[in-house]
Amino acid sequence: QVQLVESGGGLVQAGGSLRLSCAASGRTYSTYWKGWYRQAPGKEREFVASIGPIGFSTFYATSVKGRFAISRDNVKNTVFLQMNSLAPEDTAVYYCVADRNLFTGGRQNLELWGQGTLVTVSS
C-alpha cells in the first residue's frame, strides 16, 4: 500500500525556518508531480507548491513565493519544502500530495495525500 509520510513540522517563531519532508513508500513515484497543500484552522485547504517529475518545473502560491522552496530527491523518493521567513499566517496542517498530472492549485482531487504535519508559527 502506498503511503506518503510527512515530517518536519513543529513550533517556530515568526521569522524562523522549517523544512518539511515527505517520503513515499510502497512504490516509486519518480514520474509523478509532487507538492504541498495546507489547511489553516477554519479555512479551506489551499495549494502551496508543486514540482515536476525531474524537478525543473516548480509552481508556488503567491502567498509563499520567495519564501518557500520545493525540491525533490527521486533516489530517496522524497519531496521537501523549505520554509523561510515564516509568519503566523503560515500556521496550518501541511499535506504532501502526488499526482500523475500537473497541478498548480486549481484542483483538490489529487491521487495521493499524506496525513499531514502541523506547522505552528508564533508571533
Criterion (hydroxyl-bearing (Ser, Thr, Tyr) and open to solvent by less than 40 Å² (accessible area, probe 1.4 Å)) met by exactly one of Ser21, Ser63, Ser30: Ser21
Selection from the stretch 1-10 of residues that are of a type in the set (A, V, I, L, M), open to solvent by 40 Å² or more (accessible area, probe 1.4 Å) and under 17 Å from the mean Cα position of the chain (by Cα): Val5
Any chance Gly55 is in contact with a Ser or Thr (Cβ under 8 Å, 6 or more places away or on another chain), under 16 Å from Thr78 (Cβ atoms) and open to solvent by less than 20 Å² (accessible area, probe 1.4 Å): no
Options Ala49, Ala69, Ala92, Ala98; residue that is closer than 19 Å to Thr28 by Cβ, of a type in the set (Gly, Ala, Ser) and either within 12 Å of the chain's Cα centre (by Cα) or open to solvent by less than 10 Å² (accessible area, probe 1.4 Å) (or both): Ala98
Given (1) at pLDDT below 95; (2) at positive phi; (3) exposed (fewer than 15 other Cβ atoms within 10 Å of the Cβ); (4) not hydrophobic (A, V, I, L, M, F, W, C), index of the condition Gly105 fails: (3)
Single residue of the stretch 33-46 satisfying the filter (assigned to a loop (DSSP other than H, G, I, E, B) and of a type in the set (Gly, Ala, Ser)) that is most open to solvent (accessible area, probe 1.4 Å): Gly42
Test for Leu86: is it open to solvent by less than 30 Å² (accessible area, probe 1.4 Å) and part of a loop (DSSP other than H, G, I, E, B): yes
In the stretch 113-123, the residues that are open to solvent by 30 Å² or more (accessible area, probe 1.4 Å) and in a strand (DSSP E or B): Trp113, Leu118, Thr120, Ser122
Every residue from the stretch 1-42 that is among the basic types (Lys, Arg) and more than 21 Å from Asn84 (Cα to Cα): Arg27
Count of the stretch 48-83 residues which are in a strand (DSSP E or B), under 19 Å from Gly8 (Cβ atoms) and touching a residue at least 40 places away in the same chain (Cβ under 8 Å): 8
Residues of the stretch 54-98 satisfying the condition of being acidic (Asp, Glu) and within 17 Å of Ser21 (Cα to Cα): Asp73, Asp90
Hey, Arg38 at pLDDT 95 or above and of a type in the set (D, E, K, R) or not: yes
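The values are calculated or read from the model by the stated rules, or taken from the named source; none is laboratory data. Just so it is clear, the structure is predicted and the values come from calculations on it, not from any experiment. Cβ coordinates were reconstructed from backbone atoms using ideal geometry, including for glycine residues, and neighbour counts include every protein chain displayed. Ligands, DNA and RNA are stripped out before the accessible areas are found, and what is left, the full protein with its side chains, is counted by its heavy atoms. Shrake-Rupley method; radii C 1.70, N 1.55, O 1.52, S 1.80 Å.
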